Structure formats: C-alpha cells, structure tokens
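Q: Below are the structure tokens for one structure; questions will follow.
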There are 4 protein chains.
Amino acid sequence: MERIGLAVIGAGYWGPNLVRNAQATPALRLEYLCDLDLQRAQRVLGGYSTVRATTSLDEVLADPRVRAVAIATPAATHLKVALAALEAGKHVLVEKPLAANLAEGRQLVEAAESRGLVLMLDHTYCYTPAVFHLRELVRGGGLGTVQYLDSVRINLGLVQPDVDVLWDLAPHDLSVFGAILPDEVRPVAVAAHGSDPIGAGHACVAHLTIRLTGGAMAHVHVNWLSPTKIRTMVIGGSAKTVVWDDLNPTQRLSIYDRGVERRDPGTLAVDERAQTLISYRVGDMVAPALTEQEALRAVMAEFAGAITEERAALTDGRSGLRVLALLEAASASLRQGGVFVDIEGDEDAKLA
Amino acid sequence: MERIGLAVIGAGYWGPNLVRNAQATPALRLEYLCDLDLQRAQRVLGGYSTVRATTSLDEVLADPRVRAVAIATPAATHLKVALAALEAGKHVLVEKPLAANLAEGRQLVEAAESRGLVLMLDHTYCYTPAVFHLRELVRGGGLGTVQYLDSVRINLGLVQPDVDVLWDLAPHDLSVFGAILPDEVRPVAVAAHGSDPIGAGHACVAHLTIRLTGGAMAHVHVNWLSPTKIRTMVIGGSAKTVVWDDLNPTQRLSIYDRGVERRDPGTLAVDERAQTLISYRVGDMVAPALTEQEALRAVMAEFAGAITEERAALTDGRSGLRVLALLEAASASLRQGGVFVDIEGDEDAKLA
Amino acid sequence: MERIGLAVIGAGYWGPNLVRNAQATPALRLEYLCDLDLQRAQRVLGGYSTVRATTSLDEVLADPRVRAVAIATPAATHLKVALAALEAGKHVLVEKPLAANLAEGRQLVEAAESRGLVLMLDHTYCYTPAVFHLRELVRGGGLGTVQYLDSVRINLGLVQPDVDVLWDLAPHDLSVFGAILPDEVRPVAVAAHGSDPIGAGHACVAHLTIRLTGGAMAHVHVNWLSPTKIRTMVIGGSAKTVVWDDLNPTQRLSIYDRGVERRDPGTLAVDERAQTLISYRVGDMVAPALTEQEALRAVMAEFAGAITEERAALTDGRSGLRVLALLEAASASLRQGGVFVDIEGDEDAKLA
Amino acid sequence: MERIGLAVIGAGYWGPNLVRNAQATPALRLEYLCDLDLQRAQRVLGGYSTVRATTSLDEVLADPRVRAVAIATPAATHLKVALAALEAGKHVLVEKPLAANLAEGRQLVEAAESRGLVLMLDHTYCYTPAVFHLRELVRGGGLGTVQYLDSVRINLGLVQPDVDVLWDLAPHDLSVFGAILPDEVRPVAVAAHGSDPIGAGHACVAHLTIRLTGGAMAHVHVNWLSPTKIRTMVIGGSAKTVVWDDLNPTQRLSIYDRGVERRDPGTLAVDERAQTLISYRVGDMVAPALTEQEALRAVMAEFAGAITEERAALTDGRSGLRVLALLEAASASLRQGGVFVDIEGDEDAKLA
C-alpha cells in the first residue's frame, strides 16, 4: 500500500509533536515541515532528517506527493491555510479550534464536504485510551443516565496573547463531552464567567456552565494562573460515576458504584417516607486497566484511515463546529455578564 | 474563676460534638443537653454522665446556672430558640447558618446587641489552624493582591430535606472567605447555577460565582453527589498563591511562589514587547507546620472568652449576617437563571 | 442480659481510648479507671463522669462487680498486673505486646488457660474493616498463593524510653500477618537490622526479614524518625496482589489483577521459550467498599463476646505468644548482626 | 568547534533513548547505530534518518570520524565491546552496570586510564535536577549529619533473564548514594535478602542493608513484582530530612524541618531528664523548584564535556567500580543467607 504523503504546517508549540508522530505512522510519509521561519522548521527537524523544511505553503500545496496536510498554526490563520489546502485538493488535519469563529469554521466544512475531502480536528484527548473507555462506558449506558459533568483544567499555563483561556483550554473539555455523551444529550445553552486579574487583556480564569438536553448540567473550570496542575473530569450517572484524573497515570479512570437515589414515594409506607426517600449506594470502585499509548499516534492513524477508507473521521469538521458554537455562545455570555446564551442549533441541518 | 454554665440544645448530627467539646473546655460547665427526643439526648450523653438530659427548653432557660446556650437545631428553628435564649438573658452560640433568612438573622443580631449579649456563629472552619494561618497570610498581605479564590467542597453528602446544597455547604466557604479576606475586599454580587438531577426537590450540585470589590472573582463548587470527597480552596495572589487541602492532614497548606505577571510595557524595548509582557515566576513551595487541634475546641474557648471579656466573638452575629446576605442573593440568582444579583450592602449601616 | 463489669488499668497514652470505647459498648459496664496517678485518671474521665478513678489495683480486683480488666500499662508491668487479675479470676484484655518476653507471656497464657479465663490481646489493627477484608481475601485464597509481604510503618514517632522501635511498632504488622495468613504459612526464621542514629540507646529504625513456610518472604520496615507518615502493607499473590494503605481513608484496599507469571516451558515450542517464559498480567484494580468503624469498638465487642460465649478471642493469648516469639527472635538477630534466627516453634505444643 | 563523532552500540531497550538524546546534543555528531540485528537498528532510526545503521562493530571502530561510543548492550558484553572501543582509542559511555563483575570492571577502568580516555557510566538518575539538588543539599551539609537512607524502587518490572533484581535495579540507588553522600560517608558492609516466588531462577524481590562509615544505615528495596510503582528515597539528617519522590513531577523533593533529637543530659536538671532527653522538631516543609530537564540530555552533555576538557566525568569508571563492589558483596551476602559482607575497599588504592 502506498503511504500518504503529508506536510506539517507550523513548527511552533505543537508542530514538533505532529512531526514526530507522523514519522512514526506507517501509513503516512512525511514530506515537508513548513513554517514562515525556516530556521525554526530546521531546528524542529534536527540535523539528521531527510524531511524537507520550507517556508512556502505554495510549494507544499503544489507538490503532488503531498496528499494531506496537518495544520498547527495559530487559529486566526486556519481559514486561510486550510482553505488553500482544501482548494488544492488536500485532506486536512487541523489543530483545535477549527477556526477563529463559527462562520469561518462553516466555510471550511463546506469546502471539505463539497470536495469529498477529509477535514479532521486534532482533538487529541478524544484519542486517549481513557476517553475511548469513557466513550464506551457513557454512551454504552454503563453509568445510567448522565446527571452532571464537571471538568477542571487548571495550571500555570502559557497566557496566550490572542485568545482567552476559554478558547485556549476549553476546546479540550468540550470536544471530550461531544465524544462521550450519547447523541441525545447535547448542549442547549451556556453561561460563562471570567476574570482577568493580571491585566492580560482577556479572561485568564473562566467557568462555563452548560445546560444539556434532559436538564443535566456540565461545568468547566479553566485557569492559567493556578500554581498546581489539575486535569480531572467527573461524569456522574444514575448508576455509576466515573472520575478521570489525567495526571494519575496508574489510575486515570475510577468507576464508582456510589451514589444517591431518590426512591419512588409510592412504594413506601407513609411513615417511612421522611427518612427513606433518599437512599445511598456505597459500593466498590473499579479502575479499569488502560493501555498506555500516545494519543497523537492514534490521531495520525485515524487521519490516515479516514483518507484511505474515504470516510469521516471520528472528530470530523462537524465536531469542530459544535465546539466553535459552544465557544461563541460562551464568549457572548461573557460579554453579557454571565447570562445563559443558547447554542446555535443543529449544525448538520444548517449545512445541509 | 467560675465556670460558665452552658446548655447544648439539639442532640442530632452536630450536637454530640458540641457536648464533647464543651465538656473538654475548662471555662465552661455543661449543665444540660436538651432535645425534643429525650432518649436521643440520653443516648448522646451515654450511661456514665452527670449531665442532665431534658426536653424542656423552658426549664433550661429558667435555670440561673445556665448563662449560655449552644444551639444545634435545624436552621428553621434558630429564630425561635435563639430569640428565647437571648430574651432569657443567655449568651448564644448557634450553628451555621445564623437563621433561615436574612430578616430573621437581623432580628437575632438586634436582640443580642440591644441586650449586650454574645451572639456567636459556629463557623467551625474559621477556627482551624489552617484558616488561622490563612487569615494571617491573606490579610497580612503575604499573598500580595488577591486575584481569585476557588473553593471545592464535594462528596457523597447527606441530601438535606429542607435546604439545598448551597445553604447546607456553602456557609463553610463563605464564612472562611469572610474571615481571611482583607476588609476592603468584599462580595459585591453573586451568580448561582444549580441542578437537581436526582429529583430531590432542590439543587444538589451548585456553583457560585462571586464578584469582589476590586474585580477579583471567587468561585464555590458544592456537590452532594460526588463519589469522591474534595475540600480544597485556592487563594491566588499577585505575590503568592496558597492551596488549602483540608483532606491532607500532613500538608493542609501549600504556599507557592509561582505565578504569572504582566510587566509594564513602558519598561521594555519595543521589539521585546510581544514575548516579554508576560513573565512567569516558578519558585519554591512552602508547607507551613500547623498544630493539630480540633477546631470546635477553639470555638468553645472563643465563646467563653467573648462572654468573659464582654467582647464580640471572632465570628459574631454580623459575620453570620454577611453569610446570609450572600446565600439569599445566591438563591435569588438561582431563581433568575444565574444572573448576577447584588449583595445587600453594609449590614453594619443597616443595623445601626 | 447483665453487663460485664470492667476496669481499665492505665490512664496513659492508650487508656483513654479504652475508656471511651468501653463506655460505648453496650455489653460492658465500666466501673473503674485505675492508675498510679490519681489526677491523671481523673483528668481522663473528665468532670462529668460517674466512673470511679482509683490508684488501687487491689481495690479493683477485690470488687466482685469487676469481672474483666483491660490493661494499658507499660509492657514490663504486664506480667504482674495481668497475673494478679487472672489470679483474682478476672478476664483480661491486654495491650500489645502480651508481655516483656516470651517466658512471661507463657506464664500468662498458662494462668488464663488453667483457670478457663479469657486472655485477649488488643491487636487493634486486626479489628479494622480493612484487615477483616484482607483476612477473607488472603485466607480464602483470593490472592492465590502468597508470594511476598511488605509492610512499612514509619513516621515521626514517640521514641520510647524502654523499648526499641521493633518492640514498639512491629507487633502491629506481625499480628496482622498472623491474622490474615493461611494456617499453613507461618514464620520460620527472622533476620533483623537496626540503627540508632540519634543515640536513643536502642534501634529507632529497623528492618525485619521473615522467612515463611513455603519460601515466601515478609519484610517489615519500622521507623520513628521519618518526617512523613506511611502505613502500607502489600501482600503479593500468584493470582492478585493487594495494597493496604491505612492513611487513605477512601481507598484503604486496592486489589490488583496484575502480576508476573512464569509459564511452564513444556507447553511452549523451543524457539518461543526465551521470550515467553515470563508473562505479565495487567488487569483492573478493585477497591472494595469498607465500612468505617473504629477498630477498638470491635475489640471491645469481641472481648465481651469471648467472655459471654466462653470461647477464645480472635486474638487470644496464643496469638500474643506468636508475636512475642517473633520479636524475641528478631532481637536475637539484631544482637547477632542480622543473621537469621529460627522462631521458637509450635507454641500450642509447648503449652500442651 | 568540531562536533564529536559518536556511535551508539545496541538498539534494544535503552539504545533509542541514547540515539534521541545524542541527536539533540549540539556537541555530538551521531554517526552510527550499531546492533547485531540490522532491522532493529533501522527501526529505531526510523524512515527519515541520515544516521547509518550497521551490524559491524569493527566498521564503527575503524571509522576515524567516530571518536566516542555509547554502549547499551547487555552487561555481560560490556567487557568485550567497551574494551574493543577503548583499544581502538574511543571514549566510552556505558550503561550501568559497568561490567558483569568487579574484575571485568577494573580491566575497563585500567584500559581507559592507561590510554587517557574517558570512561563514563550512564548513571542516568545522577543527572536529574532532583539529584543535583540532593547532592548540593547533602554534601553541602544542609541536612546535618546523615542518619539514614531508605530507597524503594518497586513496580511491575521486566523480569530479566540474565540478572536478578538487585543487579537490574539497585545500581540506580547505589549510584545516587555515591553521588550525594559526603566523601567521608562510604559503604562498609552490606547484607542482602532476596526471594524468587515466581520461579524466575533468581531473586525478583530483594532488600539491601548497607552499613556506612559513621554508623548510619542505608536500605534499598527493589521489587519486580509490585503492582504499584514506587520510587522514593528518604535521606534523614540531624538537621533536616528530605524525601525524593520521583513519580511526583510537581513535588519531587520535600525538605522537612522535622526530626527527633536527643539532648545532652548534662544540660538538664535531674528531675527533667526522663521526659526531656528526647525533643521533637516539627517545622515547615519546603519543596524547592526544580527545572524539568531530561536527565539523559545532561548525561550526553557531560560525556561531551569530559572528552573536550580531557577530564573525568562526574560518573566516571571508578564510580562504576564502587557500584560493582557493592553489588558483588550483596550477591555474596545473598548466597550466604544474609550475613553482612565487607565491601572491597578503596578502589583508587587498588588501581594505583
């Protein structure tokens, strides 16, 4: 089988990871690393590489050996770079978020779909063994009905000059919500609060509250200023509750058979009701064995698979739009003092 | 010195702790444990006690040896019980929250102040060695300017029949905020989101966002449904940041010399600005040695001290009003879909 | 049913816990707290107690209402105090270790058995929910064959004036080994290393290595000088391995389906053998739900039960002898530079 | 400055790490990866590398561009491979342990020293920021007098076919002891206990007790069978005690101002002596900020530095001999049932 020729665009923070994982993926053949700063690209490739460094996106897109590009440039440039690639007939893997705003994102999705090209989001966390397990568990009904979600992603982070902490960090949490929740549980509205105590010019600490269909609530806390690093997500269900602690490599997932239940008062004698309407389950905890595997390796394999099999990727352009719709609504809420803002509805309908 | 005669009212969940600690306090003399259920009171006292159990509050209040009462009955009864005690000339220690609402709370404060009696809140956490240390640190300026606060208090908790999770758990966090923040940093407005996924009839999961004078933001997450127990508070400052983990007995406080700073652009050459406006401090962490001491012991000592020295207690009635004002505003926000609700202003002015 | 009259002897470090738990045990009736220092005894009882404080052991033993005594005096006095009690016809619960040496311990066991009296060791840890669970698991075969045990019990501890760290702390680990290991897995020989870096006059840090029947090895590390507190025991088995972390209240036991196995080379083709003789199991971990219950409460209930039902207690005098035999052999090894010393054999045979 | 031509010998478990870090070291120029299995070497280099793969050690050693080799082959082959390299005039970096036994190790040290070539051990842990900090702290006197060391290195490890767990894992601990202890605190004798519960043919669990000059004791626990991974080292001192937890990336070092001290009885009144001879210090803990840096990068830099500056490396051949002397004595103790075996003395004297 012929390998798929790939170019990586952008040699900044994330690009080197794309380069390394592309090289380790048998189905791909890395042809270029492209960056406006040639020395940066060369530095990333190192002194022992046969891969070409270039500053010319045109050169890359004109090369017929390049069938696909992976874009790790700032979000503001995604529209231009990805659109050029799609127009040149290349499949596209793009860093989160898909684009600088929802309108631009839709342009990219339409451009890809109209040409039958793969447009895939590098929602890296969705490709971790932990999230694959969560996806099975939550969508498969193993938790019962989802009651609440709570995600905390805080650490002493790089304060971005161009985007606030919501746009920088929350895409991780929102894309995971999208990957693991059942199709019938979708975000309906979002309220956002943020603060900028260091004068960065935009929020450095933010809280998102998301109303889901069915009434459950999801909450996301993102923070660039925390001296400690926390990356946990709790998904509470009527049957079980799972805690994902991504910083605990030996026990990333803990599935608790613990919870609170309200019993049907009709089944109880009148005088029992006061104390017995609520019952508590306190059972065992199971930490499933997970394979250790770099998520980006699975991203690359999925990208190659989607191209070869001519199918949508697991995190396709539409999943990117759903994240953008949430972020835009959150930004609107932030501007309006934290009121709930409805999330723009069915992307599929809009695009169709 | 004569010991202060004390009666404990309420032999339910918290009463036994008051009984045990009152008995261990040299300045107090426990005379009665009073509960509507005599057997419950007797059970709490055990078979080896010389303390009297009674069902009659009147008997207790009529006894001149009783100079003070400690009330651990449901919040809805605080007004009636505490008012009766104050009217009988007794000093009062009352469980949080002070009363079922702000108006009732004001009645109690006025009743106590007009009679020159001590009215003290059992804001137990304010009397832990950790919070005493935090108070010194934060009010003393050791953190620099307070930038944000974040408190998480979640576990598989007792779902209360009469109050929601905010009124049940958040008083702990709010009273600690009050104790440690400088006088000039006060809550201005609060937004609250909650959900009731088990059909308990009121919120079982809630998030509070509080705007403070000066623009900093405080956030509180309370949750009765979490399978894991977390009790952490982060107070971020411009100089240092402290993490209080109350479930880590060997390292409750961690003071980080870590943070993000924005430098004054005027001091930088033009071409440096882009990358140098933000700087990161990554220094040592210090975990101060704290004595291990039961907080309720210190509560009892403070109550006795306030009575003897005829002074206000550290957590006096007005501190209880400040917590009630926040809770009422939070409940209003909850009813109004999470909009920010102003907190009723200067209690001292109102009362004066 | 009439309650069993009890006296607690010794109001020092552990006595108050015996007093508190005896009072909470319905089958017992606490009559006396006896200590050479009357004020210490009175202080322990507090100012609200109907229990008598006394300095006279004779008075206690002469009182026919006292059917049993619980002894929490220094080990050097156990022979005298417990023997007096047994000779007065009282059942005896005694703090670990049973006596200052094996010979004295045998005297006590013989004194109790010849009179048909209960002689029980307060091996408190054996009565924790965690150890009850471990006992079921290990003796019930749930771990497969026991392969190794490893216990660490270190913290900044009270340096005892009269005994070294082995005699102070290791009885906990050794009694738990005795409680959970199958009958056919018994200590055969022990080697001990110790050091006294602060000049306390005896070992403050010590390591025990114990050979068990069947060839497995147990190791115990006890240390009074550690700034951090660790209390973990690992029991490795051919099928599963369990880790007991007594300082993690929400996950004291973790049962791992992980391990290394050597496969039978006969089942493999010759060219597979090199790499396939060893196989690794990496399965789930289960943390069983345990009730939270004070172990000393269960100790008291077992003591009362053994008296009432005229049976041996779970941790009877002979279990105390087995611990003493190990400690004596360990001390002999310590004196002989760490050589293995055989453990004096079948106590039952010797006594019979 | 010309870069030093390097060949990596061995493309197995550790070789790829050497390849990666050599390529990232500006002072080195990687010329070859040599392995008996050409495909394995090619696989390690990947499909984008300009580095040559070869099976011929002779070819490598004959190439004048190769001035240095890094050897990551099994310990049993170190003598042959390293000696050939030294005889060809190449500087040598070799994986731990230096050789299969002390006699072979001495041959290598003599071969290097007589030719004025660098012979360096890849004692990787000695090049971590944590150990650099420990070295400063311990050798600089910041802990006071060293009282004890305790190292635990356990996990579900690869059961090696040719060496036991002592020779596989303990070199890490022993080389760190060597790096951080003051020159006057050296191992005097060692006792070792081991067990092989899975029938691997050699010890899979082992405990080392080491007597140091001055009387302090060091203990090492290594274990291939543990379901959990622990990598901690405690160094107790008369002034402070430090805990190194290598699996806690955000707090690898914790320096405790806690400890136990024996006071000089001469300074005390007679009646104070009993209770006051021992005093306890319970002060703050400090977790120093450490840079995050891959240790192997520092190994490579040190190797290049030693070659360029014609000086001994920090972990030179003699440090490798000291580790071998300890391992041989430990193996002798293991064969003799755990008795203390003296460690062969001053290597420098022997070699001189």
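Q: Along the positive direction of the dipole of chain D (beta-carbon charges: Lys, Arg +1; Asp, Glu -1; about the Cα centre), which of D:Val176, D:Gly337, D:Pro16 reaches farthest?
A: D:Pro16
Q: Something else: Take every DSSP beta bridge with both residues inside chain A and express the antiparallel ones as a percent of the total, to the nearest 5.
A: 60
Q: Counting helices only, and only those DSSP H runs with n ≥ 4, report the 222 nm mean residue ellipticity of chain D as the sum of -39,500 (n - 2.57) divided by its residues, in deg cm²/dmol to the nearest 500.
A: Theoretical 222 nm ellipticity from helices: -10000 deg cm²/dmol.
Q: Taking only Cα atoms, what is the 0 to 90° angle, nearest 10, from helix C:295-309's long axis to the longest principal axis of chain C?
A: Computed tilt is about 70 degrees.
Q: Take the alpha-carbon centre of the range C:170-203, take the same for the range A:97-123, and report the distance between them in whole Å.
A: 67
Q: Using a Gaussian network model of chain A whose springs link C-alpha atoms within less than 10 Å, name the residue from A:Gly46, A:Gly15, A:Gly140 with the highest mean-square fluctuation.
A: A:Gly46
Q: Okay, next question. How compact is the protein assembly as shown by the rule of thumb for globular proteins, expressed as Cα Rg over 2.2 N^0.38 Å?
A: Relative to the 2.2 N^0.38 Å estimate, the protein assembly as shown comes out at 1.01.
Q: Please list the non-local residues whose amide H lies under 5 Å from the amide H of D:Gly201, H modeled 1.01 Å from N, same-chain partners needing a gap of 5 or more.
A: Here nothing satisfies the definition.
Q: Turning to a different aspect of this structure: For a quick check: with amide H placed at 1.01 Å from N, whose amide H comes under 5 Å from D:Thr73's, ignoring anything fewer than 5 positions away on the same chain?
A: D:Glu95
Q: May I ask you to report, in nm to one decimal and beginning with the shortest, the distances from C:Arg281 to the same position in the other copies, taking label points 7 Å along Cα-to-Cβ?
A: 2.8, 4.8, 5.3
Q: State which entries of C:Lys240/D:Lys229; A:Lys240/B:Lys229; C:Lys229/D:Lys240; B:Lys229/D:Lys229; B:Lys96/B:Lys240; A:Lys240/D:Lys229 exceed 22 angstrom in Cα-Cα distance in the structure shown.
A: Where the Cα-Cα span goes over 22 Å, the pairs concerned are B:Lys229/D:Lys229; B:Lys96/B:Lys240; A:Lys240/D:Lys229.
Q: Which whole-Hz couplings ³J(HN,Hα) result when phi for each residue of the range D:79-93 is put into the Karplus expression 6.51 cos²θ - 1.76 cosθ + 1.60, θ = phi - 60°, listed in order with x for Gly and Pro?
A: With coefficients 6.51, -1.76 and 1.60, one gets 4, 5, 5, 5, 5, 4, 5, 4, 5, 7, x, 9, 6, 10, 10 Hz.
Q: Restricting to DSSP loop positions (anything but H, G, I, E, B) with no more than 14 other Cβ atoms inside 10 Å of their own Cβ, which chymotrypsin sites (Phe, Trp or Tyr not before Pro) remain in the range B:13-72?
A: B:Tyr13
Q: Here's another thing I want to ask about it. So what is the relative contact order of the range A:17-113, in percent, for Cα pairs below 8 Å that sit 6 or more residues apart? Let's see the in-between values first.
A: On the way: 114 pairs, mean separation 19.5, N = 97.
Taking the mean separation of contacting Cα pairs over the length of the range A:17-113, I get 20 percent.
Q: Considering chain D as a Gaussian network with a 10 Å cut-off on Cα pairs, which listed residue, D:Met217, D:Met285, D:Met300, attains the greatest mean-square fluctuation?
A: Maximum among the listed residues: D:Met285.
Q: Right, next: Label position 7 Å from Cα toward Cβ: report the copy-to-copy distances for D:Glu184 in nm, one decimal, ordered from shortest.
A: Those separations, rounded to one decimal, come out as 5.6, 5.7, 7.8 nm.
Q: Helix C:102-115: angle to the longest alpha-carbon principal axis of chain C, degrees 0 to 90, nearest 10?
A: 60
Q: Right, something else. So what are the ³J(HN,Hα) numbers for the range D:117-124, from phi and the Karplus equation (6.51, -1.76, 1.60; θ = phi - 60°), rounded to whole Hz, Gly and Pro as x?
A: Couplings: 9, 6, 10, 10, 8, 7, 7, 3 Hz.
Q: For a footprinting-style exposure proxy, rank A:Lys229, D:Lys96 by other Cβ within 10 Å, fewest first. Show your work: numbers first, answer last.
A: Details: A:Lys229 14, D:Lys96 26.
Fewest to most other Cβ atoms nearby, the residues stand as A:Lys229, D:Lys96.
Q: With charges set only on the Cβ (+1 for Lys and Arg, -1 for Asp and Glu), what does the dipole of the range B:113-176 come to about its Cα centre, in debye to the nearest 20?
A: In total the dipole reaches around 280 debye.
Q: Under 8 Å for C-alpha pairs, at least 6 residues apart: give me the relative contact order for chain B, rounded to a whole percent.
A: Worked out over chain B, it gives 18 percent.
Q: Moving on. Wrap a convex hull around the Cα atoms of the range A:212-254, take a quarter of its surface area, and give that in square nanometres.
A: Projected over every direction and averaged, the Cα hull of the range A:212-254 covers 4.1 nm².
Q: Report, as a whole number in µm² per second, the diffusion coefficient that Stokes-Einstein gives for the range B:21-174 at 25 °C and 0.890 mPa s using the Kirkwood radius over alpha carbon pairs.
A: 138
Q: Please get the size of the charge dipole for the range A:175-248, origin at its Cα centre, with Cβ charges of +1 on Lys and Arg and -1 on Asp and Glu, quoted in debye to the nearest 20.
A: 80
Q: Taking 41 Å as R0, compute the FRET efficiency from the Cβ-Cβ separation of C:Ser279 and A:Val282 and round it to 0.05.
A: Working: r = 36 Å, r/R0 = 0.88.
Approximately 0.70, to the nearest 0.05.
Q: If you keep only loop residues by DSSP, which chymotrypsin sites (Phe, Trp or Tyr not before Pro) in the range D:114-147 have at most 16 other Cβ atoms within 10 Å of their Cβ?
A: When the chymotrypsin sites (Phe, Trp or Tyr not before Pro) of the range D:114-147 are filtered for loop state and at most 16 Cβ neighbours within 10 Å, nothing remains.
Q: For the protein assembly as shown, what is the percent of antiparallel DSSP beta bridges, rounded to the nearest 5?
A: Taking every DSSP beta bridge within the protein assembly as shown, about 60 percent pair in antiparallel fashion.
Q: Quick one: 3J(HN,Hα) in Hz for the range A:33-46, Karplus 6.51/-1.76/1.60 with θ = phi - 60°, rounded, Gly and Pro as x.
A: Per residue, the Karplus-derived 3J(HN,Hα) values read 10, 10, 8, 4, 9, 4, 5, 4, 4, 5, 4, 5, 5, x Hz.
Q: What does the charge dipole of chain D about its Cα centre add up to, to the nearest 20 debye, if the Cβ of each Lys and Arg holds +1 and the Cβ of each Asp and Glu holds -1?
A: Numbers: 33 positive and 42 negative charges, 101 e Å.
Charge dipole of chain D: 480 debye, to the nearest 20.
Q: List C:Leu28, B:Leu174 from most exposed to least, where exposure is judged by having the fewest other Cβ atoms within 10 Å.
A: C:Leu28, B:Leu174
Q: Against the longest alpha carbon principal axis of chain B, how many degrees, from 0 to 90 and to the nearest 10, is the axis of helix B:129-139 turned?
A: With rounding to tens, the tilt is 50 degrees.
Q: Using the 10 angstrom Cβ neighbour count as an exposure proxy, how do D:Thr50, B:Thr25 rank, fewest first?
A: D:Thr50, B:Thr25
Q: Could you estimate the translational diffusion coefficient of chain C from the Stokes-Einstein equation, with Rh from the Kirkwood formula over C-alpha pairs, at 10 °C and 1.306 mPa s, in whole µm²/s?
A: Estimated diffusion coefficient is 73 µm²/s.
Q: Sort shortest first the distances from B:Ala312 to its counterpart in every other copy, using label points 7 Å along the Cα-to-beta-carbon line, and give them in nm.
A: Once sorted, the set of distances for B:Ala312 reads 6.2, 6.8, 7.1 nm.
Q: Moving to a separate point now. If I take every Cα pair under 8 Å that is 6 or more residues apart in the range B:180-242, average their sequence separation and divide by the length, what percent do I get for the relative contact order?
A: 24
Bear in mind these aren't lab numbers, they're just calculated from the coordinates by the rules spelled out. None of the values given here were measured: they were computed from a predicted structure. Methodologically, a virtual Cβ is constructed for each residue, glycine included, from the backbone with ideal geometry; neighbour enumeration extends over all protein chains shown.
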